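Read the structure below first, then the notes.
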Amino acid sequence: MAITTQAKRPSKAVSPKNSTKKKDGEGALNGGAVEHKKEVYQRWFRDMYLMRKFEERCGQLYIQQKFGGFCHLYIGQEAILAGISEATRPSDRMVTAYRDHAHPLSLGTDPKFVMAELYGRKTGTSKGKGGSMHMFDKERNLFGGHGIVGGQIGLGAGIAFADKYRNEDHVTMCFFGDGAARQGILHETFNMAMLWKLPVIFIVENNKYAMGTSVERTTNVTELEMLGASYRMPAETVDGMSPELVCAAVKRAADRGRAGEGPTLLDIQTYRYKGHSMSDPQKYRTKDELHEYQDKDPILHVRNTLLDRGWNSEEELKQVEKEVKAQVEEAIVFAEESPYPEAHELYEDVYKTEDYPFVKD
């Protein structure tokens, strides 16, 4: 059977409340997760494989100096976005840090526009003005990647505040890393988010090392879910290598937010297979540790699930892999053939009000 092309984020997810029942191929997993139908696993496989191959080619292109600036790869962390895609709605909001190439891909942004942004071309998601660390997609409610460490934490609460003020039924997912969890803005934001019961999910993409310093060397509280305790914020630690467990945790948090019960903190423990950025020699961890996490690779897990249950053959999955690789190569060609922004565009899209009085010729 063929696997369908990349789908948009579903409007509904299977509720963890039904995880004890088996229906139409569904069943219970550990941690309240739901064992999803084959179509979900098929979508997860395609989407995660796209993230992986896109990022691998980004690393190669960066070394070839096809584009400049910084480059932070998401390789190894794909299960987080896969699980979230099944637990949220297309109208929900997302804001993240600078490891942000995969986030628009998970929302359905065409890879060619993401690649064009990396190349600094005017066809990119931010018209070539943002580059690797500043991916936006207004149509899909991606409020950006952000280069200031922790700066997006306050923005996430602000977006959620606006939705609550307008009585709109949205939830905001605010991503940050274990390093950004040390920023003071986190505590100010947590206090206000709980006080006002904002519909925001604070998601720590905890890949253990910040730039290159382990969690254990930066804090006495290594269980990051405890950061919400003094604000009485509900919190969970989640296995970020399992899309099923991520989906279940995010669904619980989203349900709380929509019910007016306020924010949730999720310490989603994952692992990046590459360095913090392309310039990172990674001397702070061992190869054995890396291999330990690679053995838990989420793409391999989903791939084996499809094979073991007879939902797809090896040949069908190889065909999907071939299609995804071709899609990434087409994105590269599109980016390289796209024009650069013109000089006058530097002054455009800066202010929403075009005749803003403090802009002078």
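The values are calculated or read from the model by the stated rules, or taken from the named source; none is laboratory data. Source: prediction; values computed, not measured. Don't worry about glycine lacking a Cβ; one is built from the backbone with ideal geometry, like all the others, and counts go over all protein chains shown.
The residues in the range 109-124 that are outside any loop (DSSP other than H, G, I, E, B) and either touching a helix residue (DSSP H, G or I) at 6+ places or on another chain (Cβ under 7 Å) or within 26 Å of Gly179 (Cα to Cα) (or both) can be counted, and the count is 7. The selection criterion, being in contact with a strand residue (DSSP E or B) (Cβ under 6 Å, 6 or more places away or on another chain) and either within 27 Å of Tyr347 (Cβ to Cβ) or surrounded by fewer than 19 Cβ atoms within 10 Å (Cβ to Cβ) (or both), does not hold for Phe161. If I filter the range 334-355 for residues that are in a helix (DSSP H, G or I), closer than 23 Å to Cys247 by Cα and among the hydroxyl-bearing types (Ser, Thr, Tyr), do I get at least one hit? No, there is no match, as no residue in the range 334-355 is in a helix (DSSP H, G or I), closer than 23 Å to Cys247 by Cα and among the hydroxyl-bearing types (Ser, Thr, Tyr). Glu86 fulfils the conditions (1) in contact with a helix residue (DSSP H, G or I) (Cβ under 7 Å, 6 or more places away or on another chain); (2) closer than 27 Å to Gln269 by Cα; (3) of a type in the set (D, E, K, R); (4) in a loop (DSSP other than H, G, I, E, B) except for a single criterion, (4).
Taking the range 186-226 as the range and being polar (S, T, N, Q) and outside any loop (DSSP other than H, G, I, E, B) as the test, the residues that pass are Thr189, Asn191, Asn206. Out of the residues in the range 89-108 that are out of contact with any helix residue (DSSP H, G or I) (no Cβ under 6 Å at 6 or more places or on another chain) and either of a type in the set (S, T, N, Q) or not in a loop (DSSP other than H, G, I, E, B) (or both), which is farthest from His72 (Cα to Cα)? So, considering only residues that are out of contact with any helix residue (DSSP H, G or I) (no Cβ under 6 Å at 6 or more places or on another chain) and either of a type in the set (S, T, N, Q) or not in a loop (DSSP other than H, G, I, E, B) (or both), the one farthest from His72 (Cα to Cα) is Ser91. Looking only at residues in the range 266-307 that are charged (D, E, K, R) and assigned to a loop (DSSP other than H, G, I, E, B), the one that is modelled with the highest pLDDT is Asp297.
Note on the range 254-305: residues that are of a type in the set (Phe, Trp, Tyr) and in contact with a helix residue (DSSP H, G or I) (Cβ under 6 Å, 6 or more places away or on another chain) total 1. Exactly one residue among Leu61, Leu118, Leu73, Leu81 is farther than 24 Å from Tyr41 by Cα and surrounded by 24 or more Cβ atoms within 10 Å (Cβ to Cβ), and that residue is Leu118.
The rows are residues; the columns are (1) in contact with a Leu (Cβ under 9 Å, 6 or more places away or on another chain); (2) surrounded by 18 or more Cβ atoms within 10 Å (Cβ to Cβ); (3) hydrophobic (A, V, I, L, M, F, W, C).
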{"position": "Thr218", "(1), (2), (3)": "no, no, no"}
{"position": "Glu236", "(1), (2), (3)": "yes, yes, no"}
{"position": "Glu244", "(1), (2), (3)": "yes, yes, no"}
{"position": "Ala249", "(1), (2), (3)": "yes, yes, yes"}
{"position": "Leu265", "(1), (2), (3)": "yes, yes, yes"}
{"position": "Asp280", "(1), (2), (3)": "no, no, no"}
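Are any of the residues in the range 139-153 among the charged types (D, E, K, R) and crowded, with 19+ Cβ neighbours inside 10 Å? There is at least one residue in the range 139-153 that is among the charged types (D, E, K, R) and crowded, with 19+ Cβ neighbours inside 10 Å.
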